[in-house]
Every structure is written in C-alpha cells, then in structure tokens.
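Worksheet for the structure shown next.
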Amino acid sequence: MNSIILLSLKEQLLKASKDIELSGHCRHKTGNLSVINRKEQYIIITPSGISKAKLVLADLVVCDFEGNILDNPNNNKPSSELPMHIACYKNRADVHSVVHTHSTYATAFAVKGLEIPPVVTESVFYKDKTTVIGYGKPGSRELAEKVTAGISEDTDVLILEKHGVIIMGEAIAETVLKAKYVEEVAKVALLSSMLNENNL
Ligand SMILES: [Zn+2]
C-alpha cells in the first residue's frame with residue numbers, strides 16, 4: 001500500500017464523514033461512507049457504532065474487495081453495511097466512493113418503496129433518476145445481492161426499501177454533495193405534494 005495515497009484517501013473520507021453528520025444527513029450514528037483504491041485493491045469504510053463527527057483517522061477500517069480487514073489501527077468493527085458498498089464497487093467500475101444515509105426525506109420515500117421524482121433542477125446532479133431496491137435486511141448478503149441485481153449506469157441513487165438511500169460517485173466530497181441534493185429534492189417533492197389550491 002502506498003502510504004501517502006492511503007493517508008490522503010483517509011483524510012478525504014474523514015472530512016466527508018464529519019461534513020455529512022454535521023449537516024444532519026447521518027444523525028445518531030446512522031449511515032456509512034467508503035472510498036476505493038482500485039489500483040491497490042482496497043476499500044476504506046467508516047466503522048460502526050461511532051459518531052461520524054467524532055471519528056479520527058485511526059478509526060477508519062481498510063478492507064479488501066471480499067471484506068477481509070487489511071488495516072484497522074483502533075480495532076473497530078467495519079460498518080455492517082460493507083457488503084452493500086462492495087456490491088456497488090463491483091458492479092460500477094466508474095464509482096470511487098459510496099455514501100449511505102438514512103436521511104429523513106429520502107427515507108420517507110424508501111419506506112413507501114417509491115422513487116424520488118425529479119421535481120427541481122438539483123436532480124441533474126444524479127441523472128434525474130433513482131432506482132428502488134426491494135427490501136433486504138440491513139447488512140445482509142441478501143441486500144447486497146439485491147443491490148447487485150438493481151444497480152445500473154442509469155442512476156447514481158438507489159432507494160433501499162424501508163431502509164434508506166445509497167449515493168455513488170467519484171470523489172467522496174462530490175458524492176456527499178450529491179447526497180445532500182437527493183435529500184433536498186426528496187424534501188421539496190414531499191412538501192409540494194402536500195399543497196393544493198384549496199389550502200393555499
Ligand atoms: Zn442503513
């Protein structure tokens with residue numbers, strides 16, 4: 001492993017993790033983020049059970065593409081949703097970072113198993129489309145298999161039925177921004193659907 005590249009990727013992931021928690025998209029220790037180094041064949045993922053706002057570099061866990069731990073200075077447990085992240089990387093060669101959140105408005109659509117309609121222009125940042133993935137228990141092989149079956153290059157956003165949302169992208173900072181747009185579009189879509197001429 002090239003230690004300079006590893007440190008750089010860990011720093012980017014740490015910064016993105018704090019950003020997404022402090023902006024309210026991964027509250028109460030929910031959600032997880034990862035980045036991949038395809039050349040050296042490893043994934044860095046956030047640990048389970050630690051608030052993302054409090055993470056330090058040594059908390060991040062490095063795994064291979066089968067989920068085996070390669071580097072874990074603080075002996076943390078990698079996110080239980082690692083199989084889902086691996087499924088994204090294995091099925092989308094263009095993806096270099098994955099963000100999974102239980103953000104409120106996007107999750108409201110997930111609870112109902114509905115795509116988020118692209119009602120405002122921010123949706124262009126994720127190809128104006130989302131795909132619903134049928135329910136699978138969080139962290140399970142079944143869920144990873146359903147993600148594998150449902151993933152395509154048509155969209156960077158997967159709605160996990162009764163669970164949350166996955167956002168895929170290149171640099172992790174951009175994927176976090178994309179996650180924020182998904183939540184914003186979901187919020188406007190839901191609120192606007194509640195309005196009609198009679199109650200304005
Ligand atoms: Zn989850």
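The values are calculated or read from the model by the stated rules, or taken from the named source; none is laboratory data. On a predicted model such as this, the values are computed, not experimentally measured, just so you know. All Cβ positions, even for glycine, are placed from backbone atoms using ideal geometry, and neighbour counts span all protein chains on display. Each accessible area value is taken on the protein alone, full model and side chains, heavy atoms only, with ligands, DNA and RNA left out. Shrake-Rupley method; radii C 1.70, N 1.55, O 1.52, S 1.80 Å.
Side notes on the structure shown:
- Cα gyration tensor category, rounded, prolate or oblate, for the chain with a/c compared to 1.5: prolate
- Efficiency of FRET from Cβ geometry, Ala149 and Val111, R₀ 35 Å, rounded to 0.05: 0.95
- Annotation: per residue accessible area for the stretch 98-200 equals 50 Å², rounded to a whole number [probe 1.4 Å, protein chains only].
- Summed residue charge, Cβ within 14 Å of Thr131's Cβ, Lys/Arg positive, Asp/Glu negative: -2
- Estimated purely from DSSP H runs of n ≥ 4, each contributing -39500 (n - 2.57), the mean residue ellipticity at 222 nm for the chain is -11500 deg cm²/dmol once divided by its residues.
- Approximate spin-label separation Thr131-Arg92, in nm, with each point projected 7 Å along Cα-to-Cβ: 0.9
- Label sites at Lys54 and Met194, each approximated as a point 7 angstrom past Cα along Cα to Cβ, lie 3.3 nm apart.
- Prolate/oblate/rounded label for the stretch 117-200 (Cα gyration tensor, a/c 1.5): oblate
- Calculated from backbone phi, Karplus (6.51, -1.76, 1.60) coupling profile of the stretch 23-32 in Hz, x at Gly/Pro: 8, x, 8, 10, 7, 6, 6, 8, x, 7
- DSSP beta bridges fully contained in the chain are about 90 percent antiparallel.
- Positive contributions from Lys and Arg (+1) and negative ones from Asp and Glu (-1), summed over other residues with Cβ under 13 Å from the Cβ of Ile20, come out at +3.
- Cut-off under 5 Å, modelled amide H: who pairs with Gly164 long-range: none
- Comparing Leu114, Leu143, Leu22 in a Gaussian network model of the chain (Cα springs below 10 Å), the most mobile by mean-square fluctuation is Leu22.
- Label point of His28 set 7 angstrom out along Cα-Cβ; within the stretch 94-131, amide nitrogens under 14 Å from it belong to 102-105, 107-108.
- Cross-link pairs beyond the 25 Å C-alpha cut-off, checked among Lys112/Lys146; Lys54/Lys137; Lys39/Lys180; Lys29/Lys129: Lys54/Lys137; Lys39/Lys180; Lys29/Lys129
- Sites Glu40 and Val119, calculated FRET efficiency, Cβ-Cβ separation with R0 41 Å, nearest 0.05: 0.50
- The accessible area of His163, taken with all protein chains in place and a 1.4 Å probe, comes to roughly 20 Å².
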